Amino acid sequence: MTGIEIAIQVLTCSALVGLLGAVGLRLTYAEVKTALRRCRFFAILLLNFFAVPLSAVAVADLFGLEHNVTIGMVLLAAAPFAPVVPVFARMARADLALAAALTGVFPLVSAVLTPFAAQTALRFFARADVSSFGIWRSLAILLATTTLPLAVGVLVRHQAPKLGERLLRPVEVMSEAVGAASLAFVTATQFGSVVSLGWRSWLAMALISEGSLLLGWLLGGPERSSRQVIALGTSNRNIALALLVAIQNFPIEVASAVVGNGLLLIALGLLHVAWWRFGSGRNRIA
């Protein structure tokens with residue numbers, strides 16, 4: 001592993017630990033239980049860990065995308081509910097409690113399902129050689145960087161709520177800064193690879209994102225605010241998680257594809273938020 005790859009891994013792990021720890025500090029057991037009761041959780045799991053990765057393979061094949069770009073897209077597709085979803089939900093005036101709870105629950109299942117979903121999609125549907133994919137190593141790293149800090153955050157919130165309140169803002173600020181630094185570092189060091197993704201990759205990722213948004217909206221239940229949350233969580237993928245899996249198992253070009261397409265997802269997410277909050281989309285999905 002090169003110095004650049006080590007730096008990316010350290011920054012990404014640090015960002016994940018902080019972001020998920022902060023999410024945990026915002027959650028209570030009751031909020032998580034209520035959120036799971038209020039949504040079609042198992043259907044949402046199937047959508048995010050089967051349908052979306054499969055659609056990424058299909059769209060990448062349709063556009064004839066290069067091998068490493070396809071892998072990057074599939075890794076993003078297998079990493080749902082980015083930590084930014086509660087922020088987007090608050091901006092869109094969606095169901096913030098549901099967004100926070102699901103953003104807390106999904107890293108727990110992502111630590112197990114993301115490596116398996118990505119490997120399955122690449123091996124059986126994309127016919128890609130994934131012999132370098134260390135699935136158990138990825139699983140162990142994800143458990144340490146997502147599940148553990150999230151559980152610690154929830155435990156602190158439950159056992160020492162005043163301490164949790166004092167820690168929340170510093171942890172959020174620090175983790176967001178490290179996350180931004182990680183994205184900036186990859187973009188700067190791999191700028192040529194990011195730019196060279198080309199219009200076909202951008203268009204393919206946009207189609208995957210919009211299709212995911214629509215499917216999430218349809219599965220979101222009868223209330224508009226909960227539909228917005230599921231739509232935002234399904235279309236906004238966890239860049240840091242996908243980047244960590246990429247840097248652990250694949251060439252650096254895959255990490256570039258993850259970041260390049262991930263930045264597009266953030267831009268599309270902000271457009272949807274703006275449309276729901278300020279545009280005529282207050283009564284429609286888009």
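Throughout, read-outs are computed from the coordinates displayed, never taken from laboratory work. Keep in mind the model is a prediction, meaning the values are calculated, not measured. Virtual Cβ from ideal backbone geometry, glycine too; neighbours counted across all protein chains shown.
Calculate the length of the line joining the C-alpha centroid of the stretch 55-97 to that of the stretch 215-250, in whole Å.
The stretch 55-97 and the stretch 215-250 have Cα centres spaced 6 Å from each other.
Let me check the size of the stretch 122-232 from its C-alpha atoms; what are the radius of gyration and Dmax in Å?
19.4, 52
Only sites in a loop by DSSP and with at most 15 other Cβ atoms within 10 Å count here; which trypsin sites (Lys or Arg not before Pro) in the stretch 1-42 make the cut?
Passing sites in the stretch 1-42 are Arg40.
Based on the alpha carbon coordinates of the stretch 215-281, what radius of gyration and maximum Cα-Cα distance (Dmax) apply, in Å?
Reported Rg and Dmax, both Å: 14.7, 44.
Size of the dipole of the chain about the Cα centre, Lys and Arg at +1 and Asp and Glu at -1 on the beta carbon, nothing else charged, in debye to 20?
Details: 21 positive and 12 negative charges, 208 e Å.
For the chain, the charge dipole is close to 1000 debye.
How large is the helix-only mean residue ellipticity at 222 nm for the chain, computed as the sum of -39500 (n - 2.57) over DSSP H runs with n ≥ 4, divided by its residue count, in deg cm²/dmol to the nearest 500?
For the chain, the value works out to -25000 deg cm²/dmol.
Among all helices in the chain defined by DSSP H, which have a length of 27 Å or more along the axis from Cα atoms plus a Kyte-Doolittle mean of at least 1.0?
Helices passing the filter in the chain: 3-26, 96-120, 252-278.
Would you mind telling me which residue in Gly269, Gly72, Gly164 has the biggest mean-square fluctuation in a Gaussian network model of the chain, where springs connect alpha carbons within a distance under 10 angstrom?
Residue with maximal mean-square fluctuation among Gly269, Gly72, Gly164: Gly164.
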